[in-house]
Amino acid sequence: MKILVINGPNLNQLGQRDNEIYGYVTLDEINAKLKDKAKALGVDIELFQSNSEGAIIDCVQSSKSDGIIINPGALTHYGLSLMDALADMNLPIIEVHLSNIYAREEWRKKSVIAPVAIGQIVGFGYRGYTSALDLMVDILSEGI
Ligand code: DQA
């Protein structure tokens, strides 16, 4: 079983970026936690981050994964090409946000990715990624 974890624009800046909202954990630290959990669960993970929508779409299209966990960053709110690419894969998708996008600015409350995802995890910081990995493994093993 292989799971692809994607982080979109500006998430490479975690740890230095808007600490009151996103905390102090860096993307490298999140990825280390994901690798540990994947090892414990006995699954393979592929980790990818880009600030460019096209590069993320290329990664989605070429991936041989069984499921995708994605924090699309601000592409959440307008990334229709990314949404189409995810939909075309016909794979289970879990959308993750560190912050609670429903408790922030109005424009953050709309996700164009949500309609192609099984569900969202929002507001739990880095724990959202590790919880998403647990959920994805359950879903791939047992079905929805
Ligand atoms: C985010 C929320 C988005 O609105 C924002 O543009 C981000 C991070 C989050 O993880 O809370 O870059 O996806």
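The values are calculated or read from the model by the stated rules, or taken from the named source; none is laboratory data. These numbers were taken from a predicted model, which means no experiment stands behind them. FYI the Cβ positions are ideal-geometry reconstructions off the backbone, even for glycines, and counts take in every protein chain you see. Remember, those area values only see protein heavy atoms, side chains included, never the ligands or the DNA or RNA. Shrake-Rupley method; radii C 1.70, N 1.55, O 1.52, S 1.80 Å.
Scanning for something surrounded by fewer than 13 Cβ atoms within 10 Å (Cβ to Cβ) and within 15 Å of the ligand (Cβ to nearest atom), does the stretch 30-40 turn up at least one residue?
No: the stretch 30-40 contains no residue that is surrounded by fewer than 13 Cβ atoms within 10 Å (Cβ to Cβ) and within 15 Å of the ligand (Cβ to nearest atom).
Of the residues that sit in the stretch 117-130 and are within 12 Å of the ligand (Cβ to nearest atom) and part of a loop (DSSP other than H, G, I, E, B), which one is most open to solvent (accessible area, probe 1.4 Å)?
Looking at residues that are within 12 Å of the ligand (Cβ to nearest atom) and part of a loop (DSSP other than H, G, I, E, B), I get Phe124.
Out of the residues in the stretch 94-111 that are without any contact (Cβ under 8 Å) to a residue 60 or more places away in the chain and aliphatic (A, V, I, L, M), state the one that is most open to solvent (accessible area, probe 1.4 Å).
Only one residue tops the list, namely Ala103.
From (1) touching a His at 6+ places or on another chain (Cβ under 9 Å); (2) modelled with pLDDT under 95, pick out the condition that doesn't hold for Asn71.
(2)
Based on this model, can you work out whether Gly15 counts as open to solvent by less than 80 Å² (accessible area, probe 1.4 Å), on the phi > 0 side of the Ramachandran plot and touching a Phe, Trp or Tyr at 6+ places or on another chain (Cβ under 7 Å)?
yes
Would you say Ile30 is touching a Phe, Trp or Tyr at 6+ places or on another chain (Cβ under 6 Å) and part of a helix (DSSP H, G or I)?
yes
Only one residue in Leu91, Leu133 is surrounded by 15 or more Cβ atoms within 10 Å (Cβ to Cβ), part of a helix (DSSP H, G or I), in contact with a strand residue (DSSP E or B) (Cβ under 7 Å, 6 or more places away or on another chain) and not charged (D, E, K, R), so which one is that?
Leu133
I'm checking my understanding of the structure. Among residues of the stretch 66-75 that are open to solvent by less than 10 Å² (accessible area, probe 1.4 Å) and within 15 Å of Val5 (Cα to Cα), which one is farthest from the ligand (Cβ to nearest atom)?
Gly67
Could you give me the residue pairs with C-beta distances under 8 Å whose first residue belongs to the stretch 20-33 and is on the phi > 0 side of the Ramachandran plot and at pLDDT below 95, whose second residue is within 12 Å of the ligand (Cβ to nearest atom) and open to solvent by less than 50 Å² (accessible area, probe 1.4 Å) wherever it lies, and which are 6+ apart or on separate chains?
The qualifying pairs are Gly23/Leu14; Gly23/Leu98; Gly23/Gly125.
Can you name the number of the only condition in (1) within 19 Å of Gly119 (Cα to Cα); (2) open to solvent by 50 Å² or more (accessible area, probe 1.4 Å); (3) not charged (D, E, K, R) that Gly8 fails?
(2)
Output the residue which, of all residues in the stretch 41-63 that are of a type in the set (A, V, I, L, M) and over 25 Å from Gly79 (Cβ atoms), is least open to solvent (accessible area, probe 1.4 Å).
It comes out as Val43.
Evaluate the following for Ala114: is it surrounded by fewer than 16 Cβ atoms within 10 Å (Cβ to Cβ) and within 16 Å of Ala132 (Cα to Cα)?
Here the answer is yes, as Ala114 does meet what is asked.
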